[in-house]
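Heads up: the structure comes next, in structure tokens.
The values are calculated or read from the model by the stated rules, or taken from the named source; none is laboratory data. Here the structure is a predicted model, which is why all the values come from computation and not from measurement. Here the Cβ is made from the backbone with ideal geometry for all residues, glycine too, and neighbour counts use every protein chain on show.
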Amino acid sequence: AVKRGGLVGGLTNDGNTCFMNSVLQSLSSSNQLNNYLNDQILIKNSQSQINELSFTKSLLNLINKLNSKHGKTLKEYNVQSLVKKMSNGFEKHRFLGIYNQEDAQEFFQFILNQLEKEKKILTSNNSKSSESLPEDNNEKFIEKNDSMIMGLKNIGFLGPVYVPALQIDPSITNGENKVYKLNLLTPVDGVNAERIGCLNCGETGGIRYSVISGFSLNLPNSIDNFNYSYNYNRRNQNNSISLIDLLNDYINEEIIENVECNRCGLTSIESTLETELRTEAIKTELAKPIINDDIYKKLKNKNRIKKTSKSKQSFIERPPALLPIHINRSVFNYQTGTVAKNNINIDFPLKLDLNDFVAVDKDINTDARKSMRIQDELKILRQQLIDNEIESINVNNEISENNNYHPNLVYNLKSVILHYGTHNYGHYTAYRKHRGIWWDISDEDVSVATEEEVLRAHGVFMLFYEVDNHEDDEFDKDNLIIEEDEEDIKEKE
């Protein structure tokens, strides 16, 4: 470790600030975030603009300090100068006051909000989500061109990315060559695709694309009732569950029972109606790609509506370059009305392959009766052929063409946040990789760790994975520009 520059910096605990310290240490190991802070904001903008980016500049400065080569001397820094640069508001006063045991994930989200706010000052672009589309969708759909970033092209690119307009709204006219824009602001921004549709007729009403900033994965209330897609690893007698299991649960299809479907409802009415005029109106609507909710309400007959089942499923459409994963350990006890902490162990890999959890737009089925990913539908068909001892060259060729493996979806583990204690009280620590070395950090205490120690860690609270772009993590150059703040710096020999 000394040959590679020695110790990394520690952070002083100023009264239960371990939740802040663990997040900042974890972020300090990200190449993508470091490049973003330097290239996207500081280097490419004028001095007048930089002066408006006080939080971003302070965060970069603190990261540079933590990543400096301290040799055998352990230096401690603190978070006060960074917190003081936060915009005014309730959160700032809360973090500056007498500290409570705050949630590390909440502080992480607040850091993202600060970075996004200052980024928008430069871009003047306040659009980040497609959760609600304008009434006139055609004004927001634009013509596609070859320069647009779509699918898995240039992972790590920040700015506008595009998804097919017809998948969002199948009813738009001349939509074959139109797209919808989503804006990615920070390295943790990616795109999620959600499909909700009828299992009887297949209608979805469109794919819901939205910008996400990582995942929050729920632990099962009971391990016996959890739906495992992979083999459950009990580590002999120890309670544990794998990260792969949790991600599979995220993409698993959820069935929603006893609901109305616009198309099935009108079809049911059409078959029993006696009034010729109303039948023609229903036939006109049934001929359309999707049925508008307002039209359906006018034409439906409550006494003749047949309830159906729908499926809900989500995949990553475009993963972020830096993927934060939060493990939600909160469990509500309905008998006592209290919230407790689920202490189950998490098995996680050093390299995370996202291929099974990604569905790019060209591979998405809009028919809810089929698998959401075309390649999964073909796998099912292939298995059926194998089970029936039927060989089909055409099907096998189609599967081979559509089941492409994307090597750029393999991510490296960069840092881990751990929590020890109960739901309401405890201590946060972090493992992070820097200069090819794993560091075990608890506030101001810094020591070298092994990969085995990291993988055996208990109390996993957050994981940070980064796209494998074949860069090393020695982005702390020999001559870092570090501006000294007013906080005291302690040295331990």
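Odds and ends about this structure:
- Whenever a residue of segment 148-161 is over 12 Å from Lys181 (Cα atoms) and not assigned by TED's automatic domain parsing to the domain that holds Leu37, its partners that are assigned to a loop (DSSP other than H, G, I, E, B) and of a type in the set (Gly, Ala, Ser), lying with C-beta atoms within less than 7 angstrom and at least six residues away or across chains, give the pairs Ile155/Ala321; Gly156/Ala321.
- The helices (runs of 4 or more DSSP H) located wholly in segment 38-147 that include 1 or more residues which are touching a strand residue (DSSP E or B) at 6+ places or on another chain (Cβ under 9 Å), among the small types (Gly, Ala, Ser) and at pLDDT 90 or above occupy 104-123.
- Residues that are touching a helix residue (DSSP H, G or I) at 6+ places or on another chain (Cβ under 7 Å) and either at pLDDT below 95 or assigned to a helix (DSSP H, G or I) (or both) within segment 15-37 comprise Phe19, Met20, Ser22, Val23, Leu24, Gln25, Leu27, Leu33, Asn34, Leu37, listed in sequence order.
- Candidate set from segment 195-243 (those that are on the phi > 0 side of the Ramachandran plot and crowded, with 18+ Cβ neighbours inside 10 Å); member that is modelled with the lowest pLDDT: Gly205
- Qualifying residues in segment 261-299 (those that are within 29 Å of Ser210 (Cβ to Cβ) and basic (Lys, Arg)) - the one modelled with the lowest pLDDT: Lys297
- Residue match in segment 417-426 (condition: among the aromatic types (Phe, Trp, Tyr), more than 13 Å from Gln25 (Cβ to Cβ) and modelled with pLDDT under 90): yes
- With respect to being in contact with a Pro (Cβ under 7 Å, 6 or more places away or on another chain) and at pLDDT 95 or above, Gly190 fits the description.
- Within segment 424-449, the residues that satisfy the criterion of being on the phi < 0 side of the Ramachandran plot and outside any strand (DSSP E or B) are Asn424, Tyr425, Glu444.
- For segment 310-327, taking the residues that are of a type in the set (Gly, Ala, Ser) and either in contact with a helix residue (DSSP H, G or I) (Cβ under 7 Å, 6 or more places away or on another chain) or modelled with pLDDT under 95 (or both), the one that is nearest to His423 (Cα to Cα) is identified as Ser314.
- Selection status of Ile316, under 22 Å from Ile255 (Cα atoms), assigned to a strand (DSSP E or B) and of a type outside the set (D, E, K, R): yes
- Sub-6 Å Cβ pairs linking a first residue in segment 305-333 that is in the same structural domain as Gly151 (by TED's automatic domain parsing) to a second residue that is surrounded by fewer than 21 Cβ atoms within 10 Å (Cβ to Cβ) and basic (Lys, Arg), at least 6 apart or interchain, are Arg329/Lys341, ordered by first then second residue.
- Hey, Lys362 surrounded by fewer than 15 Cβ atoms within 10 Å (Cβ to Cβ), assigned to a helix (DSSP H, G or I) and at pLDDT 90 or above or not: yes
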